[in-house]
Amino acid sequence: MPSSKDRQRVEIPVHIYEQITRIADLEGRTVTSVLTQLLFQAIAEYQPTWIPSKHLSRFNAHAQNVLTLAREEALPFNHHYIGTEHLLLGLLREQEGLAALALDKLGVTLEKVRAAVEKKIGRGTEPAEEEIDYVPRVRKVLSLALDEATRQGSEFVRTEHILLGIVRDGGGIAADILDTFGVLGKVRSQVLELLGQPFNPG
């Protein structure tokens, strides 16, 4: 337990304090108990943020190439961002990765996904700028990929970890496309089969 000397005072914005106070009044609790509960919930649900300068070194050459290919896939669509759909296209183009093999065994092809992206999102009207960034969901997926690698005891993030991150997030365009193809729920077992690991749905 840190001493009072080690602890620093935290300034809470007025509008947040007012919201916490309203909750406390409504539930007949103290502000401290409400704040403590909210902090515990936030910590329990916390997902690490993808920071390229800090985490890119943990991605192996094939996984890093997926990120480059994802950017390349966004440009012809005139998309001014890199979304999960572009990550999925990058995974399919990186033929040296296990993710591409898993997707191929599930019948998912580059042509099918490109067509699905065009149908779901369409093309932009203006050419994308050279510097385009990841949408927040992609950062979350890449954070989940880091976690998948850690869970599997892998020092480096590989292409299959990015694919598993897409599936685990489950809410992006890429996951929606895989679901439309009827394979979203089959990806993890297919990846683990190729890795020679048993699949435990629990």
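The values are calculated or read from the model by the stated rules, or taken from the named source; none is laboratory data. This structure is a prediction, so every number in the text was calculated from the model and none was measured. Cβ placement follows ideal geometry from the backbone for every residue including glycine, while neighbour counts extend to all protein chains displayed.
Structure values in brief
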quantity	calculated
Yes/no for Ser143 being in a helix (DSSP H, G or I), surrounded by fewer than 21 Cβ atoms within 10 Å (Cβ to Cβ) and in contact (Cβ under 8 Å) with a residue 24 or more places away in the chain	yes
Candidate set: segment 79-92, residues that are outside any helix (DSSP H, G or I) and free of Cβ contacts under 8 Å to residues at least 60 places away in the same chain; chosen: the one surrounded by the most Cβ atoms within 10 Å (Cβ to Cβ)	Ile82
Criterion (aliphatic (A, V, I, L, M), over 26 Å from Ile51 (Cα atoms) and in contact with a Pro (Cβ under 9 Å, 6 or more places away or on another chain)) met by exactly one of Leu146, Leu192	Leu192
In segment 151-182, the residues that are over 18 Å from Leu194 (Cα atoms) and without any contact (Cβ under 8 Å) to a residue 24 or more places away in the chain	Gly170, Asp179, Gly182
Given (1) under 22 Å from Gly107 (Cβ atoms); (2) surrounded by 19 or more Cβ atoms within 10 Å (Cβ to Cβ), number of the condition Gly170 does not satisfy	(2)
Candidates Val113, Val66, Val108, filtered to the one that is outside any helix (DSSP H, G or I) and at pLDDT 95 or above	Val108
Any chance Glu130 is of a type in the set (D, E, K, R) and in a helix (DSSP H, G or I)	no
Every pair of residues 6+ apart whose Cβ atoms lie under 6 Å, when the first sits in segment 58-78 and is in the same structural domain as Ala99 (by TED's automatic domain parsing) while the second is assigned to a helix (DSSP H, G or I) and surrounded by fewer than 19 Cβ atoms within 10 Å (Cβ to Cβ)	Leu69/Arg93
